[in-house]
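The values are calculated or read from the model by the stated rules, or taken from the named source; none is laboratory data. Every value quoted in this text rests on a predicted model; they were computed, and no experiment measured them. So basically every Cβ, Gly included, is an ideal-geometry build from the backbone, and we count neighbours across all protein chains shown. Protein only, heavy atoms only, side chains kept; ligands, DNA and RNA dropped before computing areas. Shrake-Rupley method; radii C 1.70, N 1.55, O 1.52, S 1.80 Å.
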Amino acid sequence: MLRAGDRGAARARWLGTGLLGLFLLPVSLSLEVSVGKANTIYAVNSTEILLPCTFSSCFGFRDLGFWWSYNGSDTFKILINGTVKNEKSDPRVHLKNDDRITLEGSTKEKMNNISILLKDLDFSDTGKYTCYVKNPKEKDLQHHATIFLQVVDKLEEVDNTVTLIILAVVGGVIGLLIFILLVKKLITFILKKTQEKKKECLVSSSGNDNTENGLPGSKAEEKPPTKV
């Protein structure tokens, strides 16, 4: 059995864990940064590419800071940085180290978009691009997200032959099932009509037999009127 001291220590540990969870919960639900679902994007040399970045905060923001960095095989540099005064203001760029970069996002109407457009791509632009956000309203809480850009000579065409074959087979099977159901309904309808005609013929034939044999209800039962 646990002694009083052990029970007290256990309660203290549980209390400490609970307080830590309550402390971390607002952090986990506050500032978030996203660069989309794809971890890697591809772009053709000499074209342009939009590098997406959006952020969200449950507590709002004020004088929010943001910046993009590039990390290549042997290079690291800050591409652009700026601030956003509040939810009703658009981002202000304070520093831009590459004239090929333009800020395409807007933070008005809760869009919270700080994406950048990179023009005139070169193979040397291949690397990791990280979007950073820092919110002073949340005690300078900082968050970031990274996307990998691969610059290629040309985009590979996806071979959809197998997909088309599968779709054709599935469509053919579904069409065959529908045809079988229609034929089944047609045959059922014809058999039903045939059985109804047979019943009518049997009833008519039975009536004629009764008439010829002089059974009750037939014409042979009728007698000529008595002369006075």
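Before moving on, here are some points about what is shown:
- Total residues in the stretch 126-141 satisfying the condition of being of a type in the set (D, E, K, R), surrounded by fewer than 17 Cβ atoms within 10 Å (Cβ to Cβ) and touching a residue at least 24 places away in the same chain (Cβ under 8 Å): the figure is 2.
- Among the conditions (1) at negative phi; (2) free of Cβ contacts under 8 Å to residues at least 60 places away in the same chain, the only one that K110 does not satisfy is (1).
- Test: residue in the stretch 116-136 that is assigned to a loop (DSSP other than H, G, I, E, B) and under 18 Å from S34 (Cα atoms): no
- Residue in the stretch 184-202 that is at negative phi and in contact (Cβ under 8 Å) with a residue 24 or more places away in the chain present: no
- Of the residues making up the stretch 47-77, those that are more than 30 Å from the chain's Cα centre (by Cα), open to solvent by 60 Å² or more (accessible area, probe 1.4 Å) and over 16 Å from D98 (Cβ atoms) are R62, D63, S73, D74.
- Restricting the stretch 55-106 to residues that are among the β-branched types (V, I, T) and at pLDDT 90 or above leaves a set whose member that is nearest to K119 (Cα to Cα) is I101.
- In the stretch 26-36, the residues that are open to solvent by 90 Å² or more (accessible area, probe 1.4 Å) and modelled with pLDDT under 90: L29
- Considering only residues in the stretch 153-189 that are hydrophobic (A, V, I, L, M, F, W, C) and under 30 Å from S124 (Cα atoms), the one that is surrounded by the most Cβ atoms within 10 Å (Cβ to Cβ) turns out to be L155.
- Verdict on L95 being in a strand (DSSP E or B) and open to solvent by less than 30 Å² (accessible area, probe 1.4 Å): no
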